[in-house]
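J.: Input: one structure, supplied below.
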Amino acid sequence: MATFTPILEEVQRLSSYEEKNNILRYILHAFQQKKVKITAVDKKELAGFAFGEVKALIDLIPTVESYRKKDEIFAYEDNLLGLIMLCHGSPMEIGADHLQDIQTLMELVNKERFVENAIDNIFKEGHNDKVAVAQLISAVNALKDEYHKGIVYQGLLHYTKEIGNLPADSKALFARHLNSELKRYLETPLDDVIVSVLELLCDAVQYFMEESTIPLLYEVLKLGKNNISHFAVATLLTAKQPVPTEAVEALAEDLKYAHMTYGLLRKYGLASLFPAKYADKEYLAKSDLVHWLTYPTELGRVPDEIEFLGVVDKKGEDYYVFRYTSQSDNLGDELKGRWLIGWANDEGGTFSNFNLYEEYEGKNLEKTLKNIKKKLL
C-alpha cells in the first residue's frame, strides 16, 4: 500500500469540499515540508487520484447551485493542480488526455468566476473606466446568490492599494453600490452567509465612504455580531468617528477580537477606551494567538481549550507561551484533542506549528519552557 492510500480513500469518501480541502492541504504540506518520504509509487498514486478528481469536477461544477460550495470546489481545484505539478517536473510529463481534462476544468472555472475576473480586469489590468465598473455592478445586482455578490468585496479588499487609482466617476459608482448594499443587508434577515458578507462589506466600505455610511455603521453595531462589529469599528475609526463604549466592551470580552481591537484603538491614540480589566499582556497575548489559530490555514476555529504556560525571553523579546487543544478537521487524527504548543509575540512572532506539548514537557514547568525556547523559538 502506498503511503497516502488511506488518506486518499478518506478524501473520496467525504462529501464536504471544505473537509476534502483540509486533507488535501495536509498532504501538500507534508509533501512540501518533506515530513514523509515521497516515493515514486506515492507520486503515481497522488497524481492518479488528482487526475480522477479533475475529471469528476468537470461533471460536478455545472450542477452546483450554491456559489459558496462552488468556491470551495474552486479552492479544491487549485490544490489538485498544485498536487499534480508537485508530482510532475513539468507539463511535458503529463499525458495528453490528462492535459485536456485540466484545460477543460480551468476553462470551466474561469467562466464561473466572472466576478473575480471583472475585478481583476478593473484593478490588475487597469480597465477601470465607468463603463467597466457599471457592467460589473449590473452583473452583480442580477445575482440571486448572496455569497456570490460578496465576491465583489473580497476583490476590493484584495486591491486596496489600487483603489486610489480609480477615476472619480468609477469610484462613485462603487461607493453608491456598497452603501446601497449595506442598507439592504441591514433590512435583510441574518443568516451565516449574510453575516460573512457583511463582515467583508463593513471592511471594504471604508474606501468608499459617503455621508450616509456613518449612521449605517452604527446600525451595524446594534446587530451584536463581533466579527462584523470589529470591521465596523475599524471603519468608524478610519473616518474619525466616535465608537460606542458597549461595542468596544463586547469586542474586548471576545478572545478572537480583543487583541486586534486594542491595537486599533492604540493606533488612533484611543487605548484608554479599552476596558482596563482586559488590557493585560497575558490576556492580549492569548487573544493574539487565538485569532491567529482561527485562520483557515491553521485550526480554522477557536481552540477548545487554551492555557497560559509562561513568558520566555528570546533575544530581548517576550514570547507568551500557551498550550491548547482542538478537534479541528485541519489537524490529523494524531493531534486532535491533544495538548499543542503555541506562542504570541508583539513583534509578529505569533505562531504554532501544532507541536505536541508532551514532546517538550520536562520535570517541571520551568524545564518545559526551557525546552520550548531551545527547540521551537
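The values are calculated or read from the model by the stated rules, or taken from the named source; none is laboratory data. Everything numeric here is computed off the predicted structure, so don't read it as measured data. Cβ sites come from the backbone with ideal geometry, for glycine too, and all protein chains shown count toward neighbours. SASA here: full protein model, heavy atoms, side chains in, ligands and nucleic acids out. Shrake-Rupley method; radii C 1.70, N 1.55, O 1.52, S 1.80 Å.
J.: Please say if segment 80-214 is rounded, prolate or oblate, where rounded means a/c under 1.5 for a ≥ b ≥ c the square roots of the C-alpha gyration tensor eigenvalues, and otherwise the choice is prolate for a/b larger than b/c and oblate otherwise?
T.: Judged from the Cα gyration tensor, segment 80-214 comes out prolate (a/c at least 1.5, a/b above b/c).
J.: Something else now. Of Thr245, Thr294, Thr3, which has the most accessible area and how do the rest follow, probe 1.4 Å?
T.: Listed by decreasing accessible area, they come as Thr245, Thr3, Thr294.
J.: Here's another thing I want to ask about it. Have a look at Leu331, Tyr278, Thr261 and report the one farthest towards the positive end of the charge dipole of segment 231-350, computed about the Cα centre with Cβ charges (Lys/Arg +1, Asp/Glu -1).
T.: Ranked along the dipole, the leading option is Thr261.
J.: Something else now. Ignoring ligands, DNA and RNA, how do Trp343, Trp292 rank by accessible area with a 1.4 Å probe, largest first?
T.: Trp292, Trp343
J.: Could you work out which residue, out of Arg13, Arg25, Arg338, moves most in a Gaussian network model of the chain, that is, has the largest mean-square fluctuation with Cα springs under 10 Å?
T.: Fluctuation is largest for Arg13.
J.: Carbon and sulfur together cover what percent of the accessible area of the chain at a 1.4 Å probe radius? Don't jump to the answer; show the numbers that get you there.
T.: Numbers: 9620 of 19490 Å².
Carbon and sulfur together cover 49 percent of it.
J.: So, with +1 on the Cβ of K and R and -1 on the Cβ of D and E, and no other charges, what is the size of the charge dipole of the chain about its Cα centre, to the nearest 20 debye?
T.: Computed charge dipole of the chain: roughly 900 debye.
J.: Here's another thing I want to ask about it. Do any GluC sites (Glu not before Pro) in segment 51-115 lie in a loop, going by DSSP, with at most 12 other beta-carbon atoms within 10 Å of their beta carbon, and if so which? Walk me through the intermediate numbers first.
T.: Numbers: sites: Glu53, Glu65, Glu72, Glu77, Glu93, Glu107, Glu112; in loops: Glu65.
Qualifying residues, ordered by number: Glu65.
J.: Relative contact order for segment 238-283: what is it in percent, counting Cα pairs under 8 Å that are at least 6 residues apart?
T.: Relative contact order, segment 238-283: 34 percent.
J.: From the Cα gyration tensor of segment 330-377, with a ≥ b ≥ c the square roots of its eigenvalues, which class applies: rounded if a/c is under 1.5, or else prolate if a/b is larger than b/c, or else oblate?
T.: oblate
J.: Same structure, new question: Quick one: dipole size for segment 134-229, taken about the Cα centre, charges +1 on Lys/Arg Cβ and -1 on Asp/Glu Cβ, in debye to the nearest 20. Before the final figure, lay out each step's value.
T.: Details: 9 positive and 13 negative charges, 19 e Å.
So the dipole magnitude of segment 134-229 works out to roughly 100 debye.
J.: Here's another thing I want to ask about it. Please list, by residue number, every one of the GluC sites (Glu not before Pro) in segment 275-356 that is coil in DSSP and has at most 13 other beta-carbon atoms within 10 Å.
T.: Answer by residue number: Glu334, Glu347.
J.: Shifting gears a bit: Tell me the label only: which of (1) 0.98; (2) 1.00; (3) 1.06 is Rg/Rh (Cα atoms, Kirkwood Rh) as calculated from this structure?
T.: (2)
J.: Something else now. Between the DSSP loop rule and a limit of at most 14 other Cβ atoms within 10 Å, which trypsin sites (Lys or Arg not before Pro) in segment 139-192 are left?
T.: Those that pass, being in a loop and sparsely packed, are Lys144.
J.: When the dipole is taken about the Cα centre of segment 236-339, and only Lys, Arg (+1) and Asp, Glu (-1) are charged at their Cβ, what size is it in debye, to the nearest 20?
T.: 400 debye
J.: Order the following by accessible area, largest value first: Thr5, Thr235. Probe radius 1.4 Å; ligands, DNA and RNA are ignored.
T.: Largest accessible area first, the list is Thr5, Thr235.
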